[in-house]
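The values are calculated or read from the model by the stated rules, or taken from the named source; none is laboratory data. Here the structure is a predicted model, which means the values were calculated and not measured. Cβ placement follows ideal geometry from the backbone for every residue including glycine, while neighbour counts extend to all protein chains displayed.
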Amino acid sequence: MRTAFDALGSLVAGFPVPPADERDERDDGPPSRRVRSIFISDLHLGTPGCQAGPLLDFLKSHPSEHLYLVGDIIDGWQLRKRWYWPQAHNDVVQKLLRRARKGCRVVFVPGNHDEFARQFAGHHFGGIEVSQEAVHVTATGQRLWVVHGDHFDGVVQCARWLAHLGDTLYEFTLRMNRHLNSLRARLGLPYWSLSAYLKHKVKKALNYVMDFEAAVAHEARRRGHQGVVCGHIHRAEMRRIGGVLYCNDGDWVESRTALVEHFDGRLELVAWQACGQVTALARATLTEMA
């Protein structure tokens, strides 16, 4: 069995990982699920909260020409505290490398949790491009700025100790959430997110989210882009802000969400359900804004 060090080395140092399971070589899916582009972020590989299994199912059923990894793919912060790397996390890395090898353009835009990879910006490792940021041109010729978003987080930039404290508290909330939902499942109740509830109810958290979204959209407009795709705050959203289409692709810790571009240029924010079905959360076309 390949180790976690092999998988990490493959992603950031360019040593190809051979497929551990040929069943995962299948990149074909139902034609209706084939899309032009996929944007995912905040996988947080290396933490118990990462939903690697559902992510693999989503990727297998959604072949694409472009795949953007919009930061916090590997959680270096947590791995430095405690090593956690099950086989499912290896499988995700292998899947990403295999996707690139089979012709999909895979672009990795590191975030604050995997900032160690930013030193490799401008390099290609295992077929994966590493870039500080990216610009994606849609099928209709519109420009999407792709950036993780942590540079617009004042806490991360100005008080890193507070950001690390918040990360520790978030991990504690996720552990509590897992225990709570284990009990809810035994009672026949659906999944419920404690951290998402707190984010929506705490006024300061809501103000932080609104300020973050406005700042990212403003910078995208200043740069002349029609839209922006980011992650970082674990809040899936698609809405127009100041003439710019703001898209946050969410996370694969709680919400299991992604942004997809169809072959006609339509953008869709989707959630991957436990039953293997896709739920559309929002839709938009950038041509409406051109």
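Observations on the structure shown:
- Annotation note: Cβ proximity below 7 Å between a residue of the range 263-290 that is closer than 18 Å to Q226 by Cα and small (G, A, S) and a residue that is in a strand (DSSP E or B) and modelled with pLDDT of 90 or more (sequence gap 6+ or interchain) occurs for A282/M238; A282/L269; A284/M238; A284/L245; A284/L267.
- Scanning the range 224-252 for residues that are aliphatic (A, V, I, L, M), assigned to a loop (DSSP other than H, G, I, E, B) and out of contact with any Leu (no Cβ under 7 Å at 6 or more places or on another chain) yields one hit, I233.
- Reported count of residues in the range 128-147, each being more than 26 Å from R240 (Cβ to Cβ) and in contact (Cβ under 8 Å) with a residue 60 or more places away in the chain, is 2.
- Unique residue being among the charged types (D, E, K, R) and in contact (Cβ under 8 Å) with a residue 40 or more places away in the chain when the list is R82, R99: R99
- Filtered by the rule that a residue be part of a loop (DSSP other than H, G, I, E, B) and within 24 Å of C50 (Cβ to Cβ), the range 253-290 gives V253, E254, S255, R256, Q273, A274, C275, G276, Q277.
- Of residues in the range 62-101 being among the acidic types (D, E) and under 23 Å from A121 (Cβ atoms), the one surrounded by the fewest Cβ atoms within 10 Å (Cβ to Cβ): E65
- With respect to (1) surrounded by 17 or more Cβ atoms within 10 Å (Cβ to Cβ); (2) assigned to a helix (DSSP H, G or I); (3) at pLDDT 90 or above; (4) aliphatic (A, V, I, L, M), the lone exception for L144 is condition (2).
- Single unsatisfied condition, S195 versus (1) modelled with pLDDT of 70 or more; (2) under 19 Å from the mean Cα position of the chain (by Cα); (3) part of a helix (DSSP H, G or I): (1)
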